[in-house]
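Only the coordinates and a few stated rules stand behind these numbers; no lab work does. It should be emphasised that the depicted structure is a prediction, and the values quoted were computed from it without experimental measurement. Here Cβ is always computed from backbone atoms with ideal geometry, including for glycine, and neighbour counts include all displayed protein chains.
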């Protein structure tokens with residue numbers, strides 16, 4: 001028994017509706033990187049400076065929550081491509097596909113556990129690699145760009 | 001492609017089921033104000049007082065999460081009235097409607113970003129104004145009251 | 001191990017922020033009743049009338065989803081009052097409290113399983129009874145009204 | 001009081017993290033259009049053909065859920081741009097901004113209520129218009145493309 | 001930009017809190033099988049039998065939603081083990097691990113797309129295989145059992 | 001009116017699909033206990049040690065979020081058994097059932113409010129008691145075990 005309050009949607013990925021786009025993973029990874037930078041850039045007040053300290057903790061908690069969430073979205077979007085879009089025929093052409101995906105998802109976790117620009121940049125590179133493989137399999141030439 | 005794990009409900013607002021009530025926004029705004037006050041009222045222990053400091057950070061993190069969530073619910077409930085309930089005929093009677101809504105949603109964000117009773121009180125006033133407009137368009141006289 | 005993708009909020013109910021209001025349960029129960037009526041009122045076309053049949057099934061699916069969701073919200077809101085607001089002192093004054101709540105939540109399930117105005121009306125009555133008990137314990141006289 | 005089980009995230013939109021991209025709304029709108037087409041293309045078996053009819057209803061229910069969800073995501077993503085990205089300075093340059101957004105969100109609802117390619121195409125056009133305005137305000141020239 | 005309304009939790013799996021248990025995937029897979037059987041067992045009334053037909057469509061829509069959701073949960077729980085619990089050392093011992101997981105997740109999709117006891121039974125077998133591998137890596141002997 | 005963005009699923013508990021299993025509550029309670037211990041075990045750096053302090057706050061925020069979420073899941077899973085599985089016939093045999101459930105849910109809240117191993121252990125005991133009652137009513141002898 002599980003409560004399952006939320007209807008897990010029919011996940012149009014396995015509709016199938018055919019609308020896959022690695023942009024979703026890229027946008028989330030960008031936000032992870034942005035939040036990581038901002039967390040490291042915040043000045044830390046002394047607990048004795050009450051007003052400033054409250055503002056600091058409020059901002060810190062919010063940025064961590066955003067980083068956490070965006071890392072999770074990045075992971076989820078990467079996994080959707082793996083479980084729903086990629087087929088055995090793609091695996092033949094990209095025999096490292098499973099490993100590329102696995103490592104990319106582990107980078108998402110690493111970005112949660114740490115506040116590390118290095119890890120966040122590695123995640124961006126992993127997403128870019130997946131972007132290239134994805135569009136190659138579609139035979140389309142879509143330029144990689146970032147929104148930020 | 002997007003994962004879309006959660007089935008976004010048919011939002012009975014656009015069912016349409018006809019059950020609109022600005023109380024939902026008001027209850028959320030009240031909680032934002034309550035949490036803001038409590039966050040400012042917490043005494044901050046020194047990091048060296050281990051047990052008290054852990055309790056403080058636990059409580060702080062929880063209150064920020066509640067404030068964040070309730071501000072988001074308030075924003076969502078206000079937007080539902082705007083996108084689903086209000087029609088062009090209401091806009092004619094209340095030509096500032098778009099702006100009133102826009103500013104109210106921006107107050108929700110401001111209550112997230114800060115720990116400010118002033119902003120939280122402004123949000124309560126904005127919700128009260130929307131309450132008045134809403135019930136006027138329904139031709140009903142519903143008294144504004146708060147639960148707390 | 002569970003995935004736990006969604007941060008279950010600190011549920012301001014156990015913040016505690018003190019902002020409880022049975023209106024939330026009432027609004028959801030009203031929507032259940034409204035959807036139940038609309039589902040029964042829809043005319044059923046023959047499967048051979050393709051366009052009308054598609055429109056019927058689309059509307060039906062949406063109304064069921066809304067009914068399901070609102071019944072779940074009503075249940076959740078009732079349970080929040082029970083687990084977070086009501087204290088042993090209230091139980092002494094209302095010795096049937098546990099049973100009143102239990103039966104009300106079972107009515108929520110019943111409204112999901114059936115498309116029955118009778119069950120939906122019973123749910124409305126159960127919520128009204130909880131409304132009365134709740135405001136009595138607060139010593140406030142809040143009139144019961146419906147939004148629809 | 002509201003239960004608020006899910007922590008509404010700090011919505012990095014109002015973090016602010018600065019990572020806005022109308023692609024999210026576009027991907028969702030594409031899925032709405034795709035599902036609408038597929039729903040209309042399904043052949044309807046007679047209820048007496050048990051196996052085929054069960055398969056039909058299963059597929060239909062799933063596609064409606066996906067359409068509903070994606071229309072909701074499109075709406076949400078459009079509103080995030082409106083409430084979090086756009087500032088008074090943009091409103092001066094695009095005095096119809098409020099109305100463009102309002103109508104786009106109403107198209108999302110319309111795509112839920114109907115199974116209409118016409119409405120879904122109008123939504124795609126509305127999202128394209130918002131894409132153009134958005135990137136103009138950023139002074140960047142990002143080509144509009146679709147993933148499907 | 002993405003709205004990210006829900007705070008994606010810190011996913012205790014990558015806390016790490018060390019509490020992994022394939023029971024969660026098994027419970028969900030059991031529910032998928034149960035719903036599949038019930039969907040096939042429902043008697044289909046003629047659309048002309050209004051009351052019975054409404055009841056049928058209500059039950060059908062609910063069962064599909066539960067099947068969809070549980071298949072999604074099963075998939076998610078399987079992926080959590082893969083991305084968060086399994087480490088390179090396990091891959092050495094179970095070189096087919098990636099493929100076992102990939103195929104199990106594709107069975108989850110298949111259970112959504114069809115109303116097939118055969119697919120649901122295959123999913124149960126896949127989960128049992130993962131259960132065995134998992135507990136072997138922990139060096140514990142936990143008996144496989146089902147709740148239903 | 002309520003927005004109700006998420007389709008509250010048909011909650012297979014009241015499908016009914018017959019797949020109930022108190023393991024879900026137990027797994028969540030284990031995670032609460034694990035997170036509580038880890039929160040208390042973290043060393044607290046001085047705010048002046050910038051890098052260490054940022055890492056501490058990131059970890060702390062994540063662990064609180066996991067504890068919060070898991071306590072909420074435990075509560076929800078316990079309530080599902082109460083509202084959906086247990087019937088009047090069980091109440092006759094276990095006349096304290098309502099109270100056992102009520103107190104268990106209040107322990108979930110207590111585990112959120114505090115960072116207390118004592119409370120977390122009490123929750124584990126409460127879940128074990130519910131496990132025993134549950135399997136007794138099913139006439140099955142399922143051994144209590146923990147995954148961690």
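Under a plain spin-label model, where a point goes 7 Å from the Cα along Cα-to-Cβ, how far apart in nm are residue B:103 and residue B:42?
Taking the two extended label points, one gets 3.2 nm.
What distance in nm separates the two pseudo spin-label positions at residue C:92 and residue E:146, each 7 Å out from Cα along the beta-carbon direction?
5.1 nm
Helix B:117-137 sits at what angle to the longest principal axis of chain B, using alpha carbons and giving 0 to 90 degrees rounded to 10?
Orientation of helix B:117-137: about 20 degrees from the principal axis.
Kindly identify the range F:19-144 as rounded, prolate or oblate by the Cα gyration tensor criterion: order the square roots of the eigenvalues as a ≥ b ≥ c, call it rounded if a/c is under 1.5, otherwise compare a/b with b/c, prolate if a/b is larger, else oblate.
Prolate shape, in that a/c is at least 1.5 and a/b is the bigger ratio.
Among C:43, D:128, which comes first, second and so on when ranked by fewest other beta-carbon atoms within 10 Å?
C:43, D:128
By how many degrees, between 0 and 90 and to the nearest 10, does the Cα long axis of helix C:50-80 differ from the longest principal axis of chain C?
Tilt relative to chain C: about 10 degrees.
Using a label position 7 Å from Cα in the Cα→Cβ direction, what is the ascending list of nm distances from residue A:148 to the same site in the other copies?
Ordered by increasing distance: 3.0, 3.2, 3.2, 4.4, 4.4 nm.
Treating the point 7 Å from Cα along Cα-beta-carbon as the label, what are the nm separations from residue D:137 to the other copies, to one decimal?
2.3, 3.6, 4.7, 4.7, 5.5
State the residue of chain A whose Cβ is nearest the axis carrying A onto D, and the distance in whole angstrom.
A:23, 2
With chain C treated as a Gaussian network of Cα nodes joined by springs under 10 Å, which of C:121, C:40, C:58 yields the largest mean-square fluctuation?
C:58
Could you tell me whether the range B:75-148 comes out rounded, prolate or oblate from its Cα gyration tensor? Rule is a ≥ b ≥ c as square roots of the eigenvalues, rounded for a/c under 1.5, then prolate if a/b exceeds b/c, otherwise oblate.
oblate
Give the shape of the protein assembly as shown as rounded, prolate or oblate, defined through the alpha-carbon gyration tensor: a ≥ b ≥ c are the square roots of its eigenvalues, a/c under 1.5 means rounded, and otherwise the shape is prolate if a/b is larger than b/c and oblate if not.
Verdict is rounded for the protein assembly as shown.
Please identify, among A:72, A:131, A:98, the residue showing maximal mean-square fluctuation in a Gaussian network model of chain A using a 10 angstrom Cα cutoff.
Between A:72, A:131, A:98, it is A:98 that shows the largest mean-square fluctuation.
Starting with the fewest neighbours, write out D:34, F:116, D:24 ranked by other beta-carbon atoms found within 10 Å of each beta-carbon.
Taking fewest neighbouring Cβ atoms as first place, the list is F:116, D:34, D:24.
Take peptide E:25-35, look around each residue's Cβ out to 10 angstrom, count Cβ atoms belonging to other protein chains, and average those counts.
5
Taking the 0 to 90 degree range and rounding to the nearest ten, how far is the long axis of helix E:97-113 tilted relative to the main principal axis of chain E, both from C-alpha atoms?
10 degrees
What percent do you get for the relative contact order of the range C:5-148 when only Cα pairs under 8 Å and 6+ apart count?
In percent, rounded to a whole number, it is 33.
In whole angstrom, note down how far apart the Cα centers of the range A:58-99 and the range D:49-105 are.
Taking the Cα centre of the range D:49-105 as reference, the centre of the range A:58-99 is 23 Å away.
Based only on other Cβ atoms within 10 Å, what is the fewest-to-most ordering of F:79, B:91, D:39?
Going from least to most buried by this count: B:91, D:39, F:79.
Calculate, for residue C:136 and residue D:129, the FRET efficiency according to 1/(1 + (r/R0)^6) with r their C-beta to C-beta distance and R0 60 Å; round to the nearest 0.05.
Between residue C:136 and residue D:129 the formula returns 0.65.
7 Å along Cα→Cβ for the label point: how many nanometres lie between residue F:49 and each equivalent label in the other copies, listed shortest first?
2.1, 2.1, 7.2, 7.4, 7.6
Please report the relative contact order for the range F:44-128, taking Cα pairs under 8 Å with a sequence separation of at least 6, and give it as a percent rounded to a whole number.
Once normalised by length, the contact order is 27 percent.
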